[in-house]
1. Fewest Cβ neighbours within 10 Å first, please rank 83, 192 accordingly.
2. Using just the helices of the chain, give the 222 nm mean residue ellipticity in deg cm²/dmol: DSSP H runs with n ≥ 4 each add -39,500 (n - 2.57), and the total is spread over all residues, rounded to 500.
3. Can you give the extra length, in nm with one decimal, that the chain gains between residue 52 and residue 165 once fully stretched, where that is 0.36 nm per residue apart less the Cα-Cα distance?
4. Would you work out which of 169, 270, 73 lies farthest towards the positive end of the dipole of the chain? Charges go on Cβ: Lys and Arg +1, Asp and Glu -1.
5. In what sequence do 164, 156, 145, 249 fall when counting other Cβ within 10 Å, fewest first?
6. Treat the count of other C-beta atoms within 10 Å as a stand-in for reagent exposure and order 247, 65, 9 from fewest to most.
7. In Å, what Kirkwood hydrodynamic radius results for the stretch 105-206 from the alpha-carbon pair distances?
8. State the Cα centre-to-centre distance between the stretch 266-293 and the stretch 69-142 in whole Å.
Amino acid sequence: MRIDLHTHSNVSDGTDTPTALVRRAQNDGVAVIALCDHDTFDGLPEADEAGRRFGVVVLPGIEISTHVGQTEVHLLGFGADPWAEPLRSELARMRASRLDRLPKMLAKLHELGMDLEIDDVRRQMLGASSAGRPHVADALVAKGYVKNRDEAFAKYLDSTGPAYVPRETLELSRAIDLVHGARGACVIAHPWIRGTRDVVTAALLGSLKREHDLDGIEVEHPDQDQQVRALLFDLGGRLGLIRTGGSDYHGSGKTGHDLGTCVTRPSALHELANRILARGGSIGGVETIMGRL
Ligand code: AMP
Ligand code: ZN
Ligand code: FE
Ligand code: FE
């Protein structure tokens, strides 16, 4: 059974609608997906409905932007209640900050000689409740300034790029507490990709496990090579963390992240679902397959 616990839709910066994402999972023989849009739960009702229609199991998820010091770290939340406070209002604040920075980025691009209006970005955001740099990238592509998202990031939008503007994020341990407060389980996304490995140390993971009851880490991810995955698998085992995997699928918005390229073992999903249930959260369609995991 192929289980992909990290995917995005056009409700944030993916390119498939939640329904199209679920159809693709059915087509590609991926039995279980978790929709983890950036800082929003808004795609989950549609994904859940499509899951029932197309016979794909959908686990409700989210990918929350957090920081440790100055470093951005992503946190996957599974099974959390979208209406629970204060998580709900904190996410709303982060989405507002995603919008607030758009004019600032456009001003920087203008200084660099590129003419983009806010409407050019909005056109790329149809269906999205969470705005991201990829939407600015798409607007740059539409205007012919760059070939694709990769070039837009490499030239202008990367955190070291000339058009980068930071936005608000939550402190990592606080985000973990908020997800737990919303009855969900927490998995640190791609902990050892470039830029985060020196920050998400074994010591930090250990203390997050002890002091904040961190549930797991994402081991299988396309941007972590086999050696990193082996080390993380080992470390997660020693710390008693659930070890998940997912493709970080973004539709045509990101290459090398095809649906199902990285997967979660059924036993790990079983553990994760049990932790969500123990916290009182929702495991969505996973309920129907618990006996087979
Ligand atoms: P933001 O959410 O505005 O901080 O933008 C970051 C998002 O852009 C991440 O979630 C990535 O999925 C995406 N991203 C980062 N680098 C690239 C790239 N080179 N090509 C396409 N998407 C990217
Ligand atoms: Zn993304
Ligand atoms: Fe991420
Ligand atoms: Fe992601």
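Values in this text are rule-based calculations from the coordinates and carry no lab data. Note that the structure is a prediction, hence the values are computed from the model and not measured. A quick note on method: Cβ atoms are made from the backbone with ideal geometry, for glycine too, and the neighbour counts reach across all protein chains shown.
1. Fewest-to-most Cβ neighbours within 10 Å comes out as 83, 192.
2. When only DSSP H runs of four or more count, the value is -12000 deg cm²/dmol.
3. 36.7 nm
4. 270
5. The order, fewest Cβ neighbours first, is 164, 145, 156, 249.
6. Lowest count first: 65, 247, 9.
7. It is 16.0 Å.
8. 31
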